[in-house]
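The values are calculated or read from the model by the stated rules, or taken from the named source; none is laboratory data. Fair warning: this is a prediction, and the values are worked out from it, not measured in the lab. Positions of Cβ are backbone-derived with ideal geometry, glycine not excepted, and every protein chain shown enters the neighbour counts. Note: accessible area is taken over every heavy atom of the protein model, side chains too, but ligands, DNA and RNA are not part of it. Shrake-Rupley method; radii C 1.70, N 1.55, O 1.52, S 1.80 Å.
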Amino acid sequence: MKTLKVLSCVTAVLFCAAFLSDASASTVPVAMIAASPVKAAPANVPAHWTPHVSDTWQWQLRGKIDTSYDVKIYDVDLFDVDPSTIDALKRAGRKVVCYFSAGSSEDWRPDFPQFNAAEMGKRLHEWKGERWLDIRSENVRRVVKQRLDRAAAKGCDGVEPDNVDGYANDTGFSLTARDQLDFNTFIANEAHWRELAVGLKNDVGQLAALEPWFDFAVNEECNEQKECEGYAVFTAKNKPVLNAEYWLPYRTPALQRTLCDAASLANLRTLVLAKELDNSYRFSCDGR
């Protein structure tokens, strides 16, 4: 989901803020995990799929999955996708990334009852049934690990954890940039130990800090919001940036040419999609 409030600071300043954030944040219960400084990405982790900057993709989270696209990566919903669909995609040579929300509760998910009331904050704008989570919670991290277990058991090649930029939103919690870095690197480590590739979803303010931990990036609307420049830290390392745009004018040929020229220059894998991600509209700058 698109970040609702993007910090105005440049990435470098935010990275420094992650380490200089003072202890003025509200006191949290003993059950909450204290955020720790981000260290260097571990060198010795189990082998996992390594996406390439040129990998094309399809993103569909709702409805019957259309498996006919000639792309390298399919991004599908972890809970809703049928294992037989994953198997069919992999037999066709596709890599399967499984989406789940790491930073919000969704009241229709089967594991929703595992969240405690105190861990659920404000509602997400425009997304019915979702509330921000307190990412400092030990229990929240336990549920995230269970979801990563589910992804590994289902045969996913990678994961797309969503809503990992709560610190930049009005969550109802006093989350700091340092809290977010700690949570996001926790997810990356846990994914890698399960031999899963992991993508960084949005969180444009922490791209430089988090790139070493993540294998690819998933971005919504960086062209419309003029936020694509920061993704050079990923493409420079041959890591793909999977970009989706929803703005209706991008469905016109003239603006599609402009959009695709920009995507080519920045080496982004850009799609124009329906915001519902139901495959009702799709245009690819890669022609696939």
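Numbers for the structure displayed
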quantity: Hits in the range 236-276 - residues which are closer than 20 Å to Ala208 by Cα and within 16 Å of the chain's Cα centre (by Cα); calculated: Lys239, Pro240, Val241, Leu242, Asn243, Leu268, Arg269
quantity: Test: residue in the range 110-122 that is open to solvent by 10 Å² or more (accessible area, probe 1.4 Å), within 19 Å of the chain's Cα centre (by Cα) and at pLDDT 95 or above; calculated: no
quantity: Enumeration of residues in the range 129-167 that are assigned to a loop (DSSP other than H, G, I, E, B) and either of a type outside the set (A, V, I, L, M, F, W, C) or more than 24 Å from Thr85 (Cβ to Cβ) (or both); calculated: Gly129, Asp134, Ile135, Arg136, Gly155, Asp157, Asn163, Val164, Asp165
quantity: Residue that is most open to solvent (accessible area, probe 1.4 Å), among those in the range 54-75 that are closer than 22 Å to Glu245 by Cβ and touching a helix residue (DSSP H, G or I) at 6+ places or on another chain (Cβ under 7 Å); calculated: Ile65
quantity: Those residues of the range 79-97 which are in contact with a helix residue (DSSP H, G or I) (Cβ under 7 Å, 6 or more places away or on another chain) and in a strand (DSSP E or B), in sequence order; calculated: Val96
quantity: Breaking point among (1) closer than 14 Å to Cys228 by Cβ; (2) at pLDDT below 95; (3) not hydroxyl-bearing (Ser, Thr, Tyr), for Glu245; calculated: (2)
quantity: Checking Ala102 against (1) hydrophobic (A, V, I, L, M, F, W, C); (2) over 22 Å from Ala177 (Cβ atoms); (3) surrounded by 13 or more Cβ atoms within 10 Å (Cβ to Cβ), the condition it does not meet; calculated: (2)
quantity: Residue within the range 187-206 that is modelled with pLDDT of 95 or more, open to solvent by 30 Å² or more (accessible area, probe 1.4 Å), in contact with an Asp or Glu (Cβ under 8 Å, 6 or more places away or on another chain) and closer than 20 Å to Ser101 by Cβ present; calculated: yes
quantity: Where Glu126 falls short, out of the listed (1) closer than 19 Å to Leu242 by Cβ; (2) assigned to a loop (DSSP other than H, G, I, E, B); (3) charged (D, E, K, R); calculated: (1)
quantity: Residue that is farthest from Leu148 (Cα to Cα), among those in the range 169-186 that are assigned to a helix (DSSP H, G or I) and open to solvent by less than 20 Å² (accessible area, probe 1.4 Å); calculated: Ala177
